[in-house]
Amino acid sequence: GFLRPVIGHTCIGCRKCEKHCPGLAPAPADLDPAQLRVYAVRNRDAAVLGASTSGGLFTALARLVLREGGLVFGAAFDGELRVVHRAVETEEELAALRQTKYVQSDLDGVFRQVSRALGAGRKVLFTGAPCQVEGLRRYLGGDREHLITCDLVCHGVPSPGVYRDWLAAVEAAQGARAVSLLFRDKSAGWDKARLTLTFANGAQTSAPLTQTPF
């Protein structure tokens, strides 16, 4: 059920896709650990902190980029609760990009959007899994002026196919379509992450994340 690259009839055999893929051609570990600096961050806005999966750093970075007329790219749910990457230009749109989504996101067309925005001189914040960030950097030919990237600690990305099957089973049991999903709801406390689903009929289910079938 994972999204995978497919070579179509327009392929010219340049093999750039293989050369640029972080999975097929991993980059050498050229960072000196002694030169790394580590910070702990917590957003001072209580509302943002409560609506974020962890410390709210993403929103702080995104607000900075938006104030300068830039674009922010991140993972959001679409109308069918599929996880897709998309761009936002206003602070009101940021809410959709907050919160961790434990599913492989669809990046269709996003790298081209990033390239066009940078070419127009706009600042861009791109957030995603480490392989997505590295894939973007290779697509662009390396670091670019006005580009800020922010990845996350990744333990492996769950399959969209497994996610769809699980969601369909939950909706069938509830007899209603799911309209909202929080993988790590903080309403019961920071250290008590809960998976919370809201349905079209107004019903809601919530359970400790690690105790759910997904």
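The values are calculated or read from the model by the stated rules, or taken from the named source; none is laboratory data. On a predicted model such as this, the values are computed, not experimentally measured, just so you know. Reconstructed Cβ throughout: ideal geometry from the backbone, glycine too, with neighbour counts over all protein chains shown. What goes into the accessible areas is simple: the full protein's heavy atoms, side chains included, and nothing from ligands, DNA or RNA. Shrake-Rupley method; radii C 1.70, N 1.55, O 1.52, S 1.80 Å.
Cβ-Cβ distances below 7 Å connect the following pairs, each with a first residue in segment 172-194 that is on the phi < 0 side of the Ramachandran plot and touching a residue at least 60 places away in the same chain (Cβ under 8 Å), a second residue that is among the aromatic types (Phe, Trp, Tyr) and open to solvent by 30 Å² or more (accessible area, probe 1.4 Å), and a separation of six or more residues or different chains: 181/77; 183/102. Restricting attention to segment 118-139, the residues that are without any contact (Cβ under 8 Å) to a residue 40 or more places away in the chain and hydrophobic (A, V, I, L, M, F, W, C) total 5.
Within segment 76-110, being open to solvent by 50 Å² or more (accessible area, probe 1.4 Å) and more than 24 Å from residue 54 (Cα to Cα) holds for 79, 80, 108. Residue count for segment 111-124 satisfying the condition of being surrounded by 15 or more Cβ atoms within 10 Å (Cβ to Cβ) and either within 12 Å of the chain's Cα centre (by Cα) or of a type outside the set (Val, Ile, Thr) (or both): 7.
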